[in-house]
Amino acid sequence: QEDLFKNVVSHAKEYGFIFQSSEIYDGLSAVYDYAQNGVELKKNIRDYWWKSMVQMHENIVGIDAAIFMHPTTWKASGHVDAFNDPLIDNKDSKKRYRADVLIEDYAEKLNQKAQKEIEKARTRFGEAFDEAQFVSTNPRVVEYLSKKNEILQRMARGLESGDLADVKALIEELEIADPETGSKNWTEVRQFNLMFGTKLGASADSAMDLYLRPETAQGIFVNFLNVQKTGRMKIPFGIAQTGKAFRNEIVARQFIFRMREFEQMEMQFFVKPGEEMKYYEYWKETRLKWHLSLGLGKENYRFHDHEKLAHYANAAADIEFNFPFGFKELEGIHSRTDFDLKAHEEFSGKKLQYFDTEENKNYVPYVVETSVGLDRMFLAVFSKALQEETLEDGSTRTVLRLPSVLAPTKAAVLPLVKKDGLPEVARQIIEDLKWDFNVAYDEKDAVGRRYRRQDALGTPFCITVDHQTLEDQTVTIRHRDSMQQDRVKIEELRGIINNEVSM
Ligand code: ATP
């Protein structure tokens, strides 16, 4: 698993998907740049989301709100007071950690111990193994799992009540050590706000303190009535948006999984109060189906229903994905009640109400939101697509089995040799196809090596022009996944590619 993750990071760099930001200055931690192929993959994921949410839903429209918002927005949303991580410093190493992550890691180790026992028993008992029975009766497993739950519950209680001394006591009691140095000499736990601050205006005394938005959702809430009125939207309806968000994450590891500057794809769905649970269930299912439609394997997704809810929610679930480092949150679906709109009414003094013509009354709608990180989607797709294959002849190939609809380049056109007019024919094919698809030209190296290069980039088709092409206007088309090659007419290419790559 660790090796797989290393491969993902190095493949992303070597093939021009993702570079460390400001690499020549040794990089900036948890900030990344999308390279020539990465930017295409990222755009295709965004488009795939946008099409399914906006184009396919008559009652969902999009907006693109500014990153800068009036600072009162973040008071109303609760981010000034409550968007905090509990931090702890190690006095010896001077390293800073998230207290909750240290505790979660400890709990996860207990969980892994339990899983190991379960796996051992499974091999021992074979077919007859009853996992549920074993988990509830084996003393060691019971002990590991109940200890794990107790720890997580105590942590949640401490964080919720704001009693951070309890959180520190838990760390001491468990004798959790600095993961890098082993030291157990900890400071108090304190809250740290995740928003980046900046200033608007030039003169020192009149400059206004601003925040870079930590989520895109608030741009939708403050525009709710503008969109509803000008779009003559009827409840239930949604507003969708994709865009950058910024968080001063302390535990910034795991590549593009947790970044300081990242992109979200969010949709807020406005419903009649009392109907939110119906739509919450609807969006949970609908979003899971969207993920499954990419064909990365059903077993890689699971729901995690939240017991501990954020201050604005009355129900929340994550769609978790099996990343190279285990199941982690990919998307959140939240029933946010009327918390945000009510808060903006209160802080702005403006009404944010909907007039329901059927009921003949005004109300503040409830909101169900779906929120997925674009970069996390990228990591999910990229890490599952990256595969090492052993072929029939014993050789290996690296292939990026991206869903074709998301592939950065849809086809590469390759003249078999660099002479006899073959490059010219290849260029003509490109001239024709490039109106509809991203297509690449490659004439360097033996054709087998060129195939492998395109496999590693995730290109679904290679089109090879050879001498026969000059006689009968046919080419070979090679499929990335099966490596099967078919002889087809040039004029059929557009249809074949389109069939495979269209949404
Ligand atoms: P986490 O628990 O992993 O910090 P979160 O619960 O704070 O995530 P939300 O505030 O619900 O996340 O944001 C919605 C989505 O935005 C997440 O599901 C995730 O895909 C994405 N996201 C959040 N923070 C980051 C980040 N620092 N880097 C990349 N994506 C992020």
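Annotations for the structure displayed:
- The fewest-to-most ranking of Tyr280, Tyr15 by surrounding Cβ atoms within 10 Å reads Tyr15, Tyr280.
- Separation of the stretch 232-251 from the stretch 377-417 is 32 Å, based on Cα centroids.
- Under 13 Å from Lys6, Cα to Cα: aspartates and glutamates that are on another chain or at least 8 residues apart: Glu14
- In a simple Cβ point-charge model (Lys, Arg +1; Asp, Glu -1; nothing else charged), the chain has a dipole of about 360 debye relative to its Cα centre.
- Gyration tensor verdict on the stretch 339-451 (Cα atoms; rounded if a/c is under 1.5, prolate if a/b is larger than b/c, oblate otherwise): prolate
- Of Lys229/Lys350; Lys42/Lys418; Lys168/Lys342; Lys120/Lys148; Lys94/Lys244, pairs whose Cα-Cα distance is over 25 Å: Lys42/Lys418; Lys168/Lys342; Lys94/Lys244
- Descending semi-axes in Å of the stretch 340-401, equivalent ellipsoid built from Cα gyration tensor: 55, 14, 5
- The value of relative contact order for the stretch 409-501, using C-alpha pairs under 8 Å at least six residues apart, is 29 percent.
- Glu276, Glu215, Glu307 arranged by Cβ crowding within 10 Å, fewest neighbours leading: Glu307, Glu215, Glu276
- Computed [θ] at 222 nm, helices only, for the chain once each DSSP H run of length n ≥ 4 contributes -39500 (n - 2.57): -12000 deg cm²/dmol
- Sparse packing (at most 16 other Cβ atoms within 10 Å of the Cβ) combined with a DSSP loop state is found for the following trypsin sites (Lys or Arg not before Pro) in the stretch 414-503: Lys418, Lys419, Lys434, Lys444.
- Inter-part distance, the stretch 311-353 to the stretch 422-436, computed on C-alpha centroids, equals 48 Å.
- Reachable lysines from Lys147, criterion Cα separation under 17 angstrom, eight or more residues apart if same chain: Lys109, Lys113, Lys116
- Cβ-to-Cβ counts within 10 Å put Tyr25, Tyr301 in ascending order as Tyr25, Tyr301, the fewest first.
- Take the Cα of Lys361, go 7 Å toward its beta carbon, and the backbone nitrogen atoms of the stretch 216-255 under 18 Å from that spot belong to 235-236.
- Loop-located chymotrypsin sites (Phe, Trp or Tyr not before Pro) in the stretch 434-503 whose Cβ has at most 10 other Cβ within 10 Å (DSSP): Trp435
- The stretch 219-292 shape via C-alpha gyration tensor axes, a/c threshold 1.5: oblate
- Looking at the chain alone, DSSP beta bridges between its own residues are antiparallel in about 85 percent of cases.
- Modelled FRET efficiency - R0 30 Å, Asn314 with Asp64, Cβ distances, 0.05 increments: 0.55
- Rg to Rh, two decimals, where the chain supplies the alpha carbon set and Rh follows Kirkwood: 1.01
- Relative contact order (%) - criterion: Cα under 8 Å, at least six apart; region: the chain: 14
- The C-alpha atoms of the chain define a longest principal axis, and helix 276-292 lies at about 30 degrees to it.
- Gyration tensor (alpha-carbon) shape descriptor, the stretch 409-501, a/c threshold 1.5: rounded
- Acute angle (nearest 10 degrees) that the helix 99-125 long axis makes with the longest principal axis of the chain, alpha-carbon atoms: 60
- Projecting the Cα positions of Leu4, Ile496, Val425 onto the charge dipole of the chain (unit charges on Cβ atoms of Lys, Arg, Asp and Glu, taken about the Cα centre) puts Val425 furthest along the positive direction.
- C-alpha long axis of helix 447-457 to longest principal axis of the chain, angle in °: 20
Just so you know, all these numbers are worked out from the coordinates, no wet-lab data involved. None of these values were measured; they are calculated from a predicted model. Backbone-built Cβ (ideal geometry, glycine too); neighbour counts: all protein chains shown.
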